[in-house]
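The values are calculated or read from the model by the stated rules, or taken from the named source; none is laboratory data. Nothing here was measured: the structure is a model prediction, and the numbers come from that model. Methodologically, a virtual Cβ is constructed for each residue, glycine included, from the backbone with ideal geometry; neighbour enumeration extends over all protein chains shown.
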Amino acid sequence: MSLILLSVACKKSFLDANPQGLLTQSQLTSNTAGIDGLVNAGYQGLSTHFAGQWPDFFHPPSNWSFGDTRSDDAYKGGGGTGDILEFNELETCNITSDNAMLYNKWKADFTGISNINTAIQTLNSVSATTYPNKNIRVAEMETLHAYFYLDLIKHFYAVPWIDYTVPTASLGKVPNNLSLQQLYANVEKELVAAVSVLPETQSDLSRVNKYGALGFLTKLYMYEGNYAKASQTADQIINSGKYGLMPTFEQLYSQPEYEHGAEFVFSIAFSKDAPDVENLNFGDLLNAPSGAPYGGGDGFDRPSQNLVNAFKVDANGLPFLDTFNSSDLAPRDVTTPVDPRLDWAIGRPGMPWKDWAGGVQQDSWARSEDVYGPYVKKKNIIDVNSPFREGTGFPWALGALDFPLIKYSQVLLWKAECDVELGTNLDEARNLVNQIRTRAKNAPYVQQLTGGNAANYQIGLYPATGWTQDYARKAVRFESRLELCMEGQRFYDLVRWGIADQVMNNYFSTESTKRTFLTGAQFTKGKHEYLPVPQSEIDRAQGVYKQNPFY
């Protein structure tokens, strides 16, 4: 977490804004510190924290409000449905182009893109003799540019392609008329170029390396459904020998001192000691439970009963792939067999909370329990007593805990999915899934304060018998949900699998009997997979932008 962070103030439209208070071009190109500052401003865009320009929780880089709560994994949470009503409208498919959260997401991504384009333009104006790291830094910026476009495409479908070659006079005048295939081709070109230049290891571990770029390239191919190419790029990461599954979930979810461990291919770097403005993960500020460990919290991004039910297991320690939601796991049930990952990812009443020695989770920690139920988010929230935590009270559970964008476990699951969809190596797919389940089986379990397992934890491995392509597809997708739950991933997986309407409408039908605010919600196939282009941007562009074809 040693990146130097540069705060950039913007005004007007973020696509044509001129950064204020920066060095002149000649000053920048004549000293490496100025160039470093622009490059690091490109990284700063990942956290979307721009000196308080707008609240980060309206466009969280973890995508919890777009990827968790629009899926069957989570509810919006907070102090009732009217607490940031725009999030409630997103989760119930009441989506209109004037929803302010759409504009905030669009604005955050394009602000990051603007900073990156400035950095690349400046890098291209100097020689490698003057700035020896020039080619590597350009490749880093190209990777981040591609990341932001992947984020924009999966949300809005129809977006303008703005790179460093677009003249300043043309900013805001580039139409959003490229096809999805053309946008993906542009992203692929950037990432392929970056992979050819980036080193396998960076001395500053928070910088993207070759394998981080390969991770984003694999993700692109998964979105495209190009399983042959995704399999090849995933193999390069897996076969590098540089990554692996970490031994404990505490290290993975709660302890910043392990954030550059073997499982993290690339993460957003957060810190509590940045020079200009504390670089905390304000995008996830709202998600701490409203309880004693952190001195309060807002209780957003709340795990659904449907997700909790998915962790139940049969006599062999395997999930109920088709019938998991036929009955509810009671909040304080510690006798029904469950996957041990449940109590690392989700806070349940009566369960110990991370390293807090003050007792167990209380019902009062679940804000608006009558609306959102008893569960709270536990994954990717810093330990209470971590020396890397900001402090007691506000800002609740923030600190120097990085947020992973590409994890090795996800790469394994992508590779397993490729094997299944290609039908070429079902045994390898099973072995990859079992590798992840073996880690969960061998990692320490949540313990009662007096000792002993806190619940009846059981987890088994998939046998070769019955491992057909259809069964394997269900198992890999289910494992992806269990392993990556509450990480802002689920909705986009449902979309790329082509089952979002089926899963979400079934979810609304059953979950609304427990959470009445979901009553009447309906997912429309061919529409709700994407968000509309913000109307404010269409108006500002004065005819240059068109609404995407689904709205």
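Scan region 196-241 for residues that are in contact with a Lys or Arg (Cβ under 8 Å, 6 or more places away or on another chain) and either farther than 15 Å from L150 by Cβ or at pLDDT below 95 (or both) and the total you get is 9.
One residue stands out among those in region 110-131 that are under 23 Å from the mean Cα position of the chain (by Cα) and among the hydrophobic types (A, V, I, L, M, F, W, C): the one that is surrounded by the fewest Cβ atoms within 10 Å (Cβ to Cβ), which is F110. Each residue in region 151-165 was checked for being assigned to a loop (DSSP other than H, G, I, E, B) and within 24 Å of the chain's Cα centre (by Cα), and 7 of them qualify. Determine whether region 471-482 contains at least one residue that is at pLDDT 95 or above, within 19 Å of N94 (Cα to Cα) and within 23 Å of the chain's Cα centre (by Cα). Within region 471-482, not a single residue is at pLDDT 95 or above, within 19 Å of N94 (Cα to Cα) and within 23 Å of the chain's Cα centre (by Cα). Of all residues in region 516-545, those satisfying the criterion of being basic (K, R) and part of a loop (DSSP other than H, G, I, E, B) are K525, K527.
When the residues of region 102-139 are narrowed to those that are in contact with a helix residue (DSSP H, G or I) (Cβ under 7 Å, 6 or more places away or on another chain) and of a type in the set (D, E, K, R), which ends up nearest to S536 (Cα to Cα)? Looking at the filtered set, the residue picked out is K105.
Of the residues making up region 295-306, one or more are within 24 Å of Q458 (Cα to Cα), touching a strand residue (DSSP E or B) at 6+ places or on another chain (Cβ under 7 Å), among the small types (G, A, S) and surrounded by 20 or more Cβ atoms within 10 Å (Cβ to Cβ). Cβ-Cβ distances below 6 Å connect the following pairs, each with a first residue in region 238-266 that is over 17 Å from L432 (Cα atoms), a second residue that is of a type in the set (K, R) and surrounded by 20 or more Cβ atoms within 10 Å (Cβ to Cβ), and a separation of six or more residues or different chains: Y253/K379; S254/K354.
Looking across region 68-83, just one residue is buried (at least 23 other Cβ atoms within 10 Å of the Cβ) and β-branched (V, I, T), and that is T69. Cβ-Cβ contacts under 9 Å between residues 6 or more apart (or on different chains), taken from a first residue in region 498-527 that is farther than 16 Å from Y75 by Cα to a second residue that is of a type in the set (V, I, T), are listed as D501/T524; K527/I95. How many of the residues in region 385-435 are without any contact (Cβ under 8 Å) to a residue 24 or more places away in the chain, surrounded by fewer than 20 Cβ atoms within 10 Å (Cβ to Cβ) and within 24 Å of Y243 (Cα to Cα)? Adding up the residues that qualify gives 3.
Given the structure, is Y164 under 22 Å from G67 (Cβ atoms) and of a type outside the set (S, T, N, Q)? It is false that Y164 is under 22 Å from G67 (Cβ atoms) and of a type outside the set (S, T, N, Q). The set of residues from region 374-396 being of a type outside the set (V, I, T) and under 18 Å from G79 (Cα atoms) comprises P374, Y375, K377, F394, P395, W396.
All conditions in (1) loosely packed, with under 15 Cβ neighbours inside 10 Å; (2) under 30 Å from S386 (Cα atoms); (3) out of contact with any strand residue (DSSP E or B) (no Cβ under 6 Å at 6 or more places or on another chain) hold for T465, with the sole exception of (2).
Answer yes or no as to whether S267 is hydroxyl-bearing (S, T, Y), in a strand (DSSP E or B) and over 20 Å from P352 (Cα atoms). Answer is yes for this residue. I'd like the residue in region 450-462 that is touching a residue at least 24 places away in the same chain (Cβ under 8 Å) and out of contact with any strand residue (DSSP E or B) (no Cβ under 7 Å at 6 or more places or on another chain) and, out of all such residues, is nearest to G526 (Cα to Cα). The extreme case among them is Y462.
Scanning region 160-173 for residues that are in contact (Cβ under 8 Å) with a residue 40 or more places away in the chain and either under 30 Å from C93 (Cβ atoms) or touching a Cys at 6+ places or on another chain (Cβ under 7 Å) (or both) turns up P160, I162.
Evaluating L494 against the criteria (1) exposed (fewer than 14 other Cβ atoms within 10 Å of the Cβ); (2) in contact (Cβ under 8 Å) with a residue 24 or more places away in the chain; (3) closer than 30 Å to G79 by Cα; (4) not basic (K, R) leaves one unmet condition, (1). Search region 341-366 for residues being more than 16 Å from P444 (Cβ to Cβ), out of contact with any strand residue (DSSP E or B) (no Cβ under 9 Å at 6 or more places or on another chain) and not acidic (D, E), and hand back the single one that is surrounded by the most Cβ atoms within 10 Å (Cβ to Cβ). Ranking the qualifying residues of region 341-366, first place goes to W356. Just one of K134, K107 is modelled with pLDDT of 95 or more and buried (at least 16 other Cβ atoms within 10 Å of the Cβ); which is it? Going through K134, K107 in turn, just one is modelled with pLDDT of 95 or more and buried (at least 16 other Cβ atoms within 10 Å of the Cβ): K134.
Residues in region 341-372 that are part of a loop (DSSP other than H, G, I, E, B) and either within 28 Å of R437 (Cα to Cα) or among the polar types (S, T, N, Q) (or both): R341, R348, P349, G350, M351, W353, K354, D355, W356, Q361, Q362, S368.
Restricted to region 299-340, and to residues there that are assigned to a loop (DSSP other than H, G, I, E, B) and in contact with an Asp or Glu (Cβ under 7 Å, 6 or more places away or on another chain), the residue that is nearest to F66 (Cα to Cα) is S304. Does region 436-452 contain at least one residue that is surrounded by fewer than 20 Cβ atoms within 10 Å (Cβ to Cβ), more than 28 Å from Y253 (Cα to Cα) and modelled with pLDDT of 95 or more? Within region 436-452 (the criterion being surrounded by fewer than 20 Cβ atoms within 10 Å (Cβ to Cβ), more than 28 Å from Y253 (Cα to Cα) and modelled with pLDDT of 95 or more), the answer is no, since none of the residues qualifies. Among the residues of region 367-384, which ones are buried (at least 24 other Cβ atoms within 10 Å of the Cβ) and among the hydrophobic types (A, V, I, L, M, F, W, C)? Correct list: V376, I381, I382. With respect to the conditions (1) in contact (Cβ under 8 Å) with a residue 40 or more places away in the chain; (2) within 18 Å of V476 (Cα to Cα); (3) surrounded by 18 or more Cβ atoms within 10 Å (Cβ to Cβ); (4) polar (S, T, N, Q), N309 lacks only one, and its number is (1).
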